[in-house]
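So the structure is just underneath, and the comments pick up after that.
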Amino acid sequence: MDELLRWRAEFPILERTVHLINHSLGAMPRRTRDRLNEFADVWQTRGIRAWEEGWWDMPVRVGDLIGRIIGAGPGETVMHQNVSVANALVLSCFDWSAKRNKLVTDSLNFPSNLYQFHEHAGQGMRVARVPSPDGIRVPLDRLLDEIDGQTALVSISHVIFRSAFVQDIAAIVEKAHSAGAMVCADVYQSAGVMPVDVRAWDVDFATGGSVKWLCGGPGAGFLYVRRDLWPSLRPKATGWMAHREPFAFSGEPIEYAEDAFRFLNGTPGIPALYSAMSGYEIILEAGVERIRAKSVTQTGLLIEMAEEAGFRVVSPKAPAERGGSIILDVPHGYEVTKELARRNFLVDFRPGAGIRVGPHFYNTNEELQLLWREIRTVLESVVAAV
Ligand SMILES: Cc1ncc(COP(=O)(O)O)c(C=O)c1O
């Protein structure tokens, strides 16, 4: 008996749709609609008083729910719009014109992050981008070799979005700290589907968002910063909410707040925070360890099915090396994915990778079989049409 299946009733889209796109957009919890109504009611009835009655500290209060999922302590995680904003804020804590100006990353990092590193080159950042020989893995030894006494920051994904390869964050942090560098881990593709423990890793920064495995919808990114670093960090991508006395509206320079408000900037996207909470609560109740155990079983089944059908799997096969999704090299992947969506089977396609399939705790094994059957039928019709 799969205990986690009792959550299916909480996700209305599952009634009509084979929803295996949880690495891209997690299903909406039923209670999210109530939470959005609550936002509207509060605004409508309480007006400006809503700020002091709860809205003001929501970026940290909601961040605390995330903190429990990623192993952060209370008050150590703040909400932002997305990873791009959080990453820009992290980069703005460094002086890239200093002697220690190297940023180590890998070629499979998420494009937003790579774009930002590239644009920082004009400000003195030297970017060392470790290549991936197979497009799936980043060789750990190559990455560790790049970290040296000139390195200010190592910025990597915990789970690679393109291949679901899991990187060894603890080993990277150990090397970086011994070289005097910091580490920022993007946990977008892991938080909610596999254990993440920012304090056990001793990582300096972690970024992520809620659209995928956390079932929190768009607009609710997050940023964790190691507490003992707070006094020494002065983010340049700042704003009035990061001031120790924001309502003094005093002139520059900013006097940073001593708590995590230091890592906020402007007015937070309050509706997105209302909408995000239900997903976090459900993930906490379901339990990440249990979710991971099921995910490993289901991604294992997908690998078996792909191999039986003779399709290449473009993700690591060893359970410890793979995250929550499996990427399949199916011919005509783009066309097949489009047709599957028309038939109410949701997966996605990434150029250069393949069809990504990401089951979550509410999916059944039968849905994996149904998907597989549908891929075969769709493929026959697509091949016949070309
Ligand atoms: C690893 C990773 N980082 C970041 C993002 C998205 O970044 P943003 O929150 O800025 O949209 C994604 C989304 O696909 C991702 O997989």
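Quick notes on this one:
- Proxy reagent accessibility, fewest Cβ within 10 Å first, across I136, I156, I70: I136, I156, I70
- Coordinate range along principal axes, alpha carbons of the range 140-271, Å, largest first: 50, 39, 22
- The Cβ shell under 15 Å around V314 holds other residues with a net charge of +2, Lys and Arg each +1, Asp and Glu each -1.
- Percent RCO, i.e. relative contact order, over the range 108-201, from Cα pairs under 8 Å lying at least 6 residues apart: 27 percent
- Computed magnitude of the charge dipole of the chain (debye, nearest 20; Cβ of K, R +1, Cβ of D, E -1): 480 debye
- With helices as the sole contributors, the chain gives -11000 deg cm²/dmol at 222 nm; each DSSP H run of n ≥ 4 counts as -39500 (n - 2.57), and the sum is divided by every residue.
- Rounded tilt (10° steps) of 58-70 against the dominant C-alpha axis of the chain: 50 degrees
- Folded to 0 to 90 degrees: helix 365-385 orientation relative to the chain principal axis, Cα: 70 degrees
- Burial ordering of E252, E366, fewest other beta-carbon atoms within 10 Å first: E252, E366
- Debye log10 I(q)/I(0) for the range 70-184, one point scatterer per Cα, at q = 0.12, 0.15, 0.17 Å⁻¹: -0.41, -0.66, -0.86
- Projecting the Cα positions of S84, A185, T207 onto the charge dipole of the range 67-226 (unit charges on Cβ atoms of Lys, Arg, Asp and Glu, taken about the Cα centre) puts S84 furthest along the positive direction.
- Members of K99/K175; K175/K212; K102/K317; K212/K236 lying beyond 25 Å, as alpha-carbon distances in this model show: K175/K212; K102/K317; K212/K236
- In the chain, the longest principal axis of the Cα atoms and the axis of helix 333-342 are about 90 degrees apart.
- Chain lengthening between H118 and A248 when straightened (0.36 nm per residue, less Cα-Cα): 43.1 nm
- Listed by Cβ neighbour count within 10 Å, with the fewest neighbours leading, H177, H360 appear as H177, H360.
- Local charge for V104 was computed over the other residues whose Cβ lies under 11 Å away, with Lys and Arg +1 and Asp and Glu -1, and equals +1.
- Loop-located trypsin sites (Lys or Arg not before Pro) in the range 282-386 (DSSP state other than H, G, I, E, B) with a sparse environment of at most 16 neighbouring Cβ atoms within 10 Å: K317, R343.
- Normalised by 2.2 N^0.38 Å, where N counts its residues, the alpha-carbon radius of gyration of the chain equals 1.02.
- Each Lys and Arg contributes +1 and each Asp and Glu -1, all at the Cβ; summed about the Cα centre of the range 228-297, the dipole is approximately 340 debye.
- Farthest toward positive dipole pole in the chain [+1 Lys/Arg, -1 Asp/Glu at C-beta], among F249, P351, V225: P351
- Multiplying each eigenvalue of the alpha-carbon gyration tensor of the range 1-87 by 5 and taking the square root yields semi-axes of 28, 20, 13 Å, largest first, rounded to whole angstroms.
- 3J(HN,Hα) along the range 25-36, derived from phi through the Karplus expression 6.51 cos²θ - 1.76 cosθ + 1.60 where θ = phi - 60°, amounts to 8, x, 5, 7, x, 3, 6, 4, 4, 5, 5, 5 Hz, with x in place of Gly and Pro.
No lab work stands behind these numbers, since they all come straight from the coordinates. None of the values given here were measured: they were computed from a predicted structure. Neighbour counts are summed over all protein chains in view; Cβ atoms, including those assigned to glycine, are modelled from backbone coordinates with ideal geometry.
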